Amino acid sequence: MDVSRRPSVEAGFAAAIRDYGPLDILIANAGVSSMNRAVDLSDDEWDTNFDVNARGVFLTNQAAARHFLGAGRKGVIVNTASLAAKVGAPLLAHYSASKFAVLGWTQALARELAPDGIRVNAVCPGFVRTEMQRREVEWEANLRGMREDEVLQDYISQTPLGRLENPEDIAGLVTFLCSDAARFMTGQGINVTGGVYMG
């Protein structure tokens, strides 16, 4: 599925519903990044980040919400935002802007869908060990004139819990948000950063 294209998203949802039946949960986790100084950003870098990170959330959330409403289901949507959605990140201005958009959308959609029993929340991870982070470390090292191990150590030094984050550190929170234990939570952007951001 190309989350930036409505026909692809609609075809993906139709296939999932055909194969698995009515849906109850959407986790909008697709994301991209690139890294550059704000004054050097190209239109393509800006557009690519917004196409996937913001438009992708819009299209998949809208498709899920329409399905939930049409089927009379009290569904759950969880969007992946970022630490960069809470604090503007140097060299990631375009990425930060796209993730701030995710939080604004999450809050507004949560308010609209609450009367129908549909909950919408977001998770905000920090420095997570992924392939995307591996590329970012390489880019940041080049842009800052540092070694890659120095960049990683900088990430760890900013993290009070003293290590890089693993995807599993986020999975439990997502599972909780999708469960009935979180039945009275909506419109939240929940930090899971190891203490990097505590606001």
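Each value in this text was obtained by applying a stated rule to the coordinates, not by laboratory testing. In this text, all values refer to a predicted model and were calculated from it rather than measured experimentally. Using ideal geometry, Cβ is built from the backbone for each residue, glycine included, and neighbour counts are taken over all protein chains shown.
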Exercise. What's the extension gain from Arg147 to Asp40 if we count 0.36 nm per residue and subtract their Cα-Cα distance?
Worked result: 36.3 nm
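How big is segment 6-192 by the Kirkwood estimate over distinct Cα pairs, in Å?
About 17.5 Å for segment 6-192.
Please give the contour-minus-distance gain from Glu131 to Ala114: 0.36 nm per residue of separation, less the Cα-Cα distance, rounded to one decimal in nm.
2.6 nm
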Exercise. Cα-based Rg of segment 52-129 per 2.2 N^0.38 Å, rounded to two decimals?
Worked result: 1.16
For this session: Could you list Trp105, Trp139 in order of exposure, starting from the residue whose Cβ has the fewest other Cβ atoms within 10 Å?
Result: Trp139, Trp105
For this session: Rank these for me by crowding, Tyr20, Tyr155, Tyr95, Tyr197, going from fewest to most other beta carbons within 10 Å.
Result: Tyr20, Tyr197, Tyr155, Tyr95
Problem set entry | Extension gain (nm, one decimal) between Gln62 and Met198, 0.36 nm per residue minus Cα-Cα | 45.9 nm
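Cβ neighbours within 10 Å, averaged per peptide: list 180-192, 115-127 in order, most packed at the top. Present the calculation step by step, with values, prior to reporting the outcome.
Working: 180-192: 15.5, 115-127: 20.8.
Highest to lowest by the protection proxy: 115-127, 180-192.
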Exercise. Hey, if you put +1 on the Cβ of every Lys and Arg and -1 on every Asp and Glu Cβ in segment 6-192, which of Ala84, Gln62, Val102 ends up farthest toward the positive end of that dipole?
Worked result: Gln62
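For a footprinting-style exposure proxy, rank Phe50, Phe68 by other Cβ within 10 Å, fewest first. It would help to have the intermediate numbers written out before the result.
Values: Phe50 18, Phe68 23.
With the fewest neighbours first, Phe50, Phe68 line up as Phe50, Phe68.
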Exercise. For the chain, what does -39500 (n - 2.57) per DSSP helix run (n ≥ 4), summed and divided by total residues, give at 222 nm, in deg cm²/dmol to the nearest 500?
Worked result: -15500 deg cm²/dmol
